[in-house]
Amino acid sequence: MEQKNLIIRNARILSSDGDQIGDVGVSDGKITAIDDVPKTTVAEIDATGYVLTPGGVDVHAHIEQMSGMGLMNADTFETATRSAALGGTTSVVSFAPQSAAPRLSEAVEDYAKRARAGAMIDYAFHIILNDMTAKNLVEDLTALIAAGHRSIKIFTTYNIQLSDRDICEVLGIAKEAGALVCVHAENDGLIGWTKDHLLATGKTQPKHHALSHPRLAEIEAVERLIRFAEYFATPVMLFHISTHEAVDAVRGARARGVPVWAETCPHYLFMTEEVLDRPGIEGAKWMCSPPQRKPTDQDALWAGLSDGTLDLVSSDHAPYRFDETGKLSNGTDVDFSKIANGLPGLEVRMPLMFDAMMQGRMSPTEFVTWCCTNPARIHGLPGKGDIQIGFDADLVLWDPTSHNTYGANDLHDNVGYNPWLGKTITGKPETVFLRGQRIVKDGALTGKCGQGDWIARPTLGVSTIAAPAAEYVEATT
Ligand code: DUC
Ligand code: ZN
Ligand code: ZN
């Protein structure tokens, strides 16, 4: 195994609180010195002209997971995490769906086994709950949270939604046990009704998928979940915010002290609904839920990130090939409702954001905060997401002079197409370290399956600054 001790000299070091030229010393896989590091006998890398950032922390990626339509997605832990590593991401939180086994504890173990065998970067799981009547559920869930699996994912749509009553059960358990509840928040009734009307009137193309997920579906569910978080005073993470109204709702909630966090994704920041408007079935490649929106929404998402309303940027990597195993599993002559949702994003999230930073869209500190530090902090990944003494030496050396135009299939996942085809990116993650070990060298993979470790995440604790609603207190005491 490669040395975990090294010194990186003369890099431009970007952290959550700094942008400076200096050195970083690594011992036993941890960052032990920053700035002027005295010479020792350990290996040195001269990083003059390079930018050194923390490894990316992607807290929303679907790996070896079944879609709402019962379709296994295209990536294994091996293919997903090699692609993540090559894109400068060193930690991922993917999903362990309850549906993987009759008992929740078995479902999580099933995913743990898959990740142990395949992962090349460090990982953790959000536990997806879709059936609150399952045997031993509360017992298993409480034990899993105490053992370090401290986040739960629920849906309000996608055929695996929980009722409002069940969402309350989940929030109650999460508050008690110290878990973060993450939500795909879109109103199922509005989506279903609109979809049926579109299909009945012959509006069946991929571009109509955008209409089938009305913005009010997101707004309603986001506002509802905010009120639930407020009632219980327990933290909720709103996944993939896409509309300006939802940003406003989160901003208002935060101002009232409601414990909500929110993320957005590169495909909402850099794409609009126009990507779906292509001849024939081609637009299927860009179909995801919620769909890409309008330029005014993009402006609001950027403003939301800048003022801290939105906390972080995740990929929502959801890989389906553009063939009969994936997007076209129901054929090529089908309406949009028969096409799997999702885009590959693990490998491109960090480069897209790095490029936007180079164009001046965000500051270096914001890049690190949104892509590394906040994801790690909010999702409880200790020692991840920053360049600070004592943190894991998960580090990326970027060549800021590289300009690379994405080709049709130059990603390293198992998807076979690149939704960012033709986009030129400034900056390349040339060298990537995971706990001091080089997993990417000169842009080529050197990491191995099984090299990734599971990250145990401490429970949240019941402390939020918000007090629960008076009626909650009266009802529960
Ligand atoms: N939307 C999700 O919420 N998850 C996976 C894919 C998608 O498009
Ligand atoms: Zn979702
Ligand atoms: Zn998702």
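The values are calculated or read from the model by the stated rules, or taken from the named source; none is laboratory data. Please read all numbers here as calculations on a predicted model, not as lab measurements. Neighbour counts run over all protein chains shown; Cβ positions are idealised from the backbone, glycine included.
Does region 461-471 include one or more residues that are modelled with pLDDT under 95, farther than 22 Å from residue 62 by Cβ and charged (D, E, K, R)? I'd like the intermediate steps shown before the answer.
Applying the first criterion (modelled with pLDDT under 95) to region 461-471 yields 461-471.
Those still in the list that are farther than 22 Å from residue 62 by Cβ too: 461-471.
Subset that is charged (D, E, K, R): 471.
Yes, some residue in region 461-471 is modelled with pLDDT under 95, farther than 22 Å from residue 62 by Cβ and charged (D, E, K, R).
Name the single residue, out of those in region 53-92 being among the small types (Gly, Ala, Ser) and touching a Lys or Arg at 6+ places or on another chain (Cβ under 8 Å), that is nearest to residue 397 (Cα to Cα).
We begin by selecting, within region 53-92, every residue among the small types (Gly, Ala, Ser); these are 55-56, 61, 67-68, 70, 74, 80, 83-85, 87-88, 91.
Still in the running and touching a Lys or Arg at 6+ places or on another chain (Cβ under 8 Å): 55-56, 74, 87, 91.
Numbers: 55: 9, 56: 12, 74: 29, 87: 11, 91: 16 Å.
The residue in question is 55.
Scan region 421-466 residue by residue and report those that are among the charged types (D, E, K, R) and not in a loop (DSSP other than H, G, I, E, B).
Across region 421-466, the qualifying residues are 428, 430, 438, 441.
Looking at region 379-403, which of the residues that are of a type in the set (S, T, N, Q) and touching a residue at least 40 places away in the same chain (Cβ under 8 Å) is nearest to residue 123 (Cα to Cα)?
Of all residues in region 379-403, those of a type in the set (S, T, N, Q) come to 388, 401-402.
Now drop any that are not touching a residue at least 40 places away in the same chain (Cβ under 8 Å), which leaves 388, 401.
Numbers: 388: 20, 401: 31 Å.
That would be 388.
Within region 452-463, identify whether any single residue is over 21 Å from the mean Cα position of the chain (by Cα) and touching a residue at least 40 places away in the same chain (Cβ under 8 Å), and answer yes or no. Show your work before the answer.
Residues of region 452-463 that are over 21 Å from the mean Cα position of the chain (by Cα), as a first pass: 461-463.
Of the ones still in play, those that are also touching a residue at least 40 places away in the same chain (Cβ under 8 Å) are 461-462.
Yes, there is a match, as at least one residue in region 452-463 is over 21 Å from the mean Cα position of the chain (by Cα) and touching a residue at least 40 places away in the same chain (Cβ under 8 Å).
Would you confirm whether or not region 154-172 contains a residue that is in a helix (DSSP H, G or I) and within 15 Å of ligand 1 (Cβ to nearest atom)?
no
Given the criteria outside any loop (DSSP other than H, G, I, E, B), more than 26 Å from residue 285 (Cβ to Cβ) and aliphatic (A, V, I, L, M), does residue 250 qualify? Walk me through how you get there before you give the answer.
On the way: outside any loop (DSSP other than H, G, I, E, B): yes; more than 26 Å from residue 285 (Cβ to Cβ): yes; aliphatic (A, V, I, L, M): yes.
Criteria met by residue 250.
In region 357-388, which residues are closer than 24 Å to residue 447 by Cα and among the β-branched types (Val, Ile, Thr)?
The first filter runs over region 357-388 and keeps only residues closer than 24 Å to residue 447 by Cα, leaving 368, 371-373, 375-376, 381-388.
Within region 357-388, 368, 373, 387 qualify.
Here is a yes/no grid of residues against (1) away from ligand 2 (no atom under 16 Å from the Cβ); (2) in contact (Cβ under 8 Å) with a residue 60 or more places away in the chain; (3) within 21 Å of residue 93 (Cβ to Cβ):
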position: 151; (1), (2), (3): no, yes, yes
position: 169; (1), (2), (3): yes, no, no
position: 199; (1), (2), (3): yes, yes, no
position: 213; (1), (2), (3): no, yes, no
position: 224; (1), (2), (3): no, yes, no
position: 231; (1), (2), (3): yes, yes, no
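Can you run down the residue pairs with Cβ atoms below 6 Å, 6 or more apart or on separate chains, where the first is in region 340-369 and closer than 13 Å to residue 411 by Cβ and the partner is within 16 Å of ligand 2 (Cβ to nearest atom) and in a helix (DSSP H, G or I)?
So the pair list comes out as 343/267; 349/266; 352/266.
Identify, by number, the condition in (1) under 17 Å from the mean Cα position of the chain (by Cα); (2) within 16 Å of ligand 3 (Cβ to nearest atom) that residue 340 doesn't meet.
It fails just one condition, (1).
For region 192-251, give me the residue count where each residue is of a type in the set (Ser, Thr, Tyr) and either within 30 Å of residue 375 (Cα to Cα) or buried (at least 23 other Cβ atoms within 10 Å of the Cβ) (or both).
Step one: filter region 192-251 for residues of a type in the set (Ser, Thr, Tyr), giving 194, 201, 204, 212, 231, 234, 242-243.
Adding the requirement that they be either within 30 Å of residue 375 (Cα to Cα) or buried (at least 23 other Cβ atoms within 10 Å of the Cβ) (or both) leaves 212, 231, 234, 242-243.
Residues in region 192-251 being of a type in the set (Ser, Thr, Tyr) and either within 30 Å of residue 375 (Cα to Cα) or buried (at least 23 other Cβ atoms within 10 Å of the Cβ) (or both): 5 in total.
On the given criteria, is residue 245 more than 16 Å from ligand 1 (Cβ to nearest atom) and either closer than 24 Å to residue 457 by Cα or within 18 Å of the chain's Cα centre (by Cα) (or both)? Reasoning before the result, please.
Details: more than 16 Å from ligand 1 (Cβ to nearest atom): yes; either closer than 24 Å to residue 457 by Cα or within 18 Å of the chain's Cα centre (by Cα) (or both): no.
Considered against the rule, which asks whether it is more than 16 Å from ligand 1 (Cβ to nearest atom) and either closer than 24 Å to residue 457 by Cα or within 18 Å of the chain's Cα centre (by Cα) (or both), residue 245 comes out as no.
Which of the residues belonging to region 192-233 are of a type in the set (Val, Ile, Thr) and either more than 29 Å from residue 255 (Cβ to Cβ) or at pLDDT below 95 (or both)?
194, 201, 204
Can you name every residue in region 269-301 that is touching a Ser or Thr at 6+ places or on another chain (Cβ under 9 Å), outside any loop (DSSP other than H, G, I, E, B) and surrounded by fewer than 17 Cβ atoms within 10 Å (Cβ to Cβ)?
295
Select from region 318-368 the residues that are crowded, with 21+ Cβ neighbours inside 10 Å, within 16 Å of ligand 1 (Cβ to nearest atom) and not in a loop (DSSP other than H, G, I, E, B) and list them in ascending order.
Across region 318-368, the qualifying residues are 336, 343, 349.
How about region 302-317: which of its residues are not in a loop (DSSP other than H, G, I, E, B) and not aliphatic (A, V, I, L, M)?
Kept after step one, since they are not in a loop (DSSP other than H, G, I, E, B), are these residues of region 302-317: 302-306, 312-313, 317.
Within region 302-317, 302, 304, 306, 317 qualify.
Out of the residues in region 253-268 that are part of a loop (DSSP other than H, G, I, E, B) and away from ligand 2 (no atom under 16 Å from the Cβ), state the one that is nearest to residue 354 (Cα to Cα).
Step one: of region 253-268, the residues part of a loop (DSSP other than H, G, I, E, B) are 256-259, 265.
Of the ones still in play, those that are also away from ligand 2 (no atom under 16 Å from the Cβ) are 256-259.
On the way: 256: 33, 257: 32, 258: 31, 259: 29 Å.
So the residue we want is 259.
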